[in-house]
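Novice: I'd like to ask you about the structure that follows.
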Amino acid sequence: MRRKLAAGNWKMNGTAADLSELQALSHMHAAPAVDILICPPATLIHRAKEKVPGGNIQIGGQDCHAANSGAHTGDISAQMLVDAGASAVILGHSERREDHGEQNEDVRAKSIAAMNGGLKAIICVGESLEQREAANTLDIIGGQMSGSIPDQATGENLIVAYEPIWAIGTGKVPTLDEIGQVHDFIRARLERRFGEGVGRSVRLLYGGSVKPSNAAEIFAVSNVDGALVGGASLKADDFSGIIQALEKA
Ligand code: PEP
């Protein structure tokens, strides 16, 4: 049985004042029936963790370096994220792939570091609009999975997020059939590569313009175990609506 997960990606948004949203969310979901994860900017991880001492909300990072330490100005290691209070890290988000030229092999190396450091790696995959229109979606996703997911993946240390790039922050969402097709494909590939036991235990998140108003129908799709949410995770009321939809799914 996979425990459902509502994960919020604050991206490069938020200063200390915004932790009041996290605190409000924590009060609204003191005993959640699903896992809740908030990934604030690295500067807030430690303070965010202190705001949720009950552990009802997990805190995560948005990226990590493949090395544990060293001469990498501006980077953060998996070990540092754990030290600050993180239990998970988003890796290979399309904004990292686009803004920083991250390739599948970079994402794989970072994922190995994250898993070895005791973090859950949320590995993002997703196609561009051009790739979807050229009917290349499944090829792209398959390639990203082979290249980015390390051999040591288990249901404990890996979460896969399907995030069509054209749906991120745009208000556009694939049809429910399209989401189901990709999630079923990801599940089948995981089962083929890692065996049925591991393949079935990995949680699959959908990400891309999830809101309280569309969450319930998305969560009813096969092999959707939760969501990775950008914009709608910044406000406690919005994210709470998504969490409630997931709890009822
Ligand atoms: C994201 O960037 O991970 C994301 C899904 O963003 P949004 O929910 O704002 O589309």
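Novice: So if I check each of ALA161, ALA121, which one is touching a helix residue (DSSP H, G or I) at 6+ places or on another chain (Cβ under 6 Å) and not in a helix (DSSP H, G or I)?
Specialist: ALA121
Novice: Only one of ALA215, ALA227 is under 16 Å from ILE90 (Cβ atoms), within 16 Å of the ligand (Cβ to nearest atom) and touching a residue at least 24 places away in the same chain (Cβ under 8 Å); which?
Specialist: Exactly one residue qualifies, and that residue is ALA227.
Novice: Write out, first by first residue and then by second, each pair whose Cβ atoms fall under 7 Å of each other, whose residues are 6+ apart or on separate chains, and whose first residue, in the stretch 137-154, is under 21 Å from GLY195 (Cβ atoms) while the second is exposed (fewer than 13 other Cβ atoms within 10 Å of the Cβ).
Specialist: Listed pairs, sorted by first residue: GLY147/GLU105.
Novice: To continue, here is another question. Looking at the stretch 163-198, which of its residues are away from the ligand (no atom under 16 Å from the Cβ), open to solvent by 50 Å² or more (accessible area, probe 1.4 Å) and in contact with a Ser or Thr (Cβ under 7 Å, 6 or more places away or on another chain)?
Specialist: ASP184
Novice: Can I ask one more? Determine the pairs where a residue that is closer than 12 Å to LEU81 by Cα and open to solvent by less than 50 Å² (accessible area, probe 1.4 Å), located within the stretch 39-54, has a partner that is polar (S, T, N, Q) and not in a loop (DSSP other than H, G, I, E, B) with Cβ atoms under 8 Å apart, the partner being 6 or more residues away or on another chain.
Specialist: Close Cβ pairs (under 8 Å, with a partner that is polar (S, T, N, Q) and not in a loop (DSSP other than H, G, I, E, B)) amount to CYS39/ASN9.
Novice: Could I ask something else about it? Being open to solvent by 50 Å² or more (accessible area, probe 1.4 Å) and in contact with a Cys (Cβ under 9 Å, 6 or more places away or on another chain) narrows it down to one of ILE90, ILE76, so name that one.
Specialist: Values: ILE90 fails: open to solvent by 50 Å² or more (accessible area, probe 1.4 Å).
Just one listed residue meets the conditions, ILE76.
Novice: May I ask you to list the residues in the stretch 194-249 that are touching a helix residue (DSSP H, G or I) at 6+ places or on another chain (Cβ under 7 Å), among the polar types (S, T, N, Q) and more than 18 Å from LYS11 (Cβ to Cβ)?
Specialist: SER222, ASN223, SER240
Novice: Moving on. Are any residues in the stretch 128-162 within 16 Å of the ligand (Cβ to nearest atom) and either surrounded by fewer than 18 Cβ atoms within 10 Å (Cβ to Cβ) or of a type in the set (Ser, Thr, Tyr) (or both), and if so, which ones?
Specialist: SER128, LEU129, SER148, TYR162
Novice: Within the stretch 199-212, take every residue that is more than 15 Å from the chain's Cα centre (by Cα) and open to solvent by 20 Å² or more (accessible area, probe 1.4 Å) and give me the one that is farthest from the ligand (Cβ to nearest atom). Give the derivation first.
Specialist: Pass one, the stretch 199-212, residues more than 15 Å from the chain's Cα centre (by Cα): 199-201, 211-212.
Within this subset, residues satisfying the condition of being open to solvent by 20 Å² or more (accessible area, probe 1.4 Å) are 200-201, 211-212.
Values: ARG200: 24, SER201: 23, LYS211: 8, PRO212: 12 Å.
Among residues in the stretch 199-212 that are more than 15 Å from the chain's Cα centre (by Cα) and open to solvent by 20 Å² or more (accessible area, probe 1.4 Å), the one farthest from the ligand (Cβ to nearest atom) is ARG200.
Novice: Please specify each residue of the stretch 175-216 satisfying the condition of being touching a Lys or Arg at 6+ places or on another chain (Cβ under 8 Å) and either of a type in the set (Gly, Ala, Ser) or over 16 Å from GLN144 (Cβ atoms) (or both).
Specialist: GLU191, GLY199, ARG200, SER201, ARG203, GLY208, SER209, ALA216
The values are calculated or read from the model by the stated rules, or taken from the named source; none is laboratory data. Here the structure is a predicted model, which is why all the values come from computation and not from measurement. Heads up, the Cβs are rebuilt from the backbone with ideal geometry, glycines too, and the neighbour counts pull from every protein chain shown. Heads up: the accessible areas ignore ligands, DNA and RNA and are worked out on the full protein's heavy atoms, side chains in. Shrake-Rupley method; radii C 1.70, N 1.55, O 1.52, S 1.80 Å.
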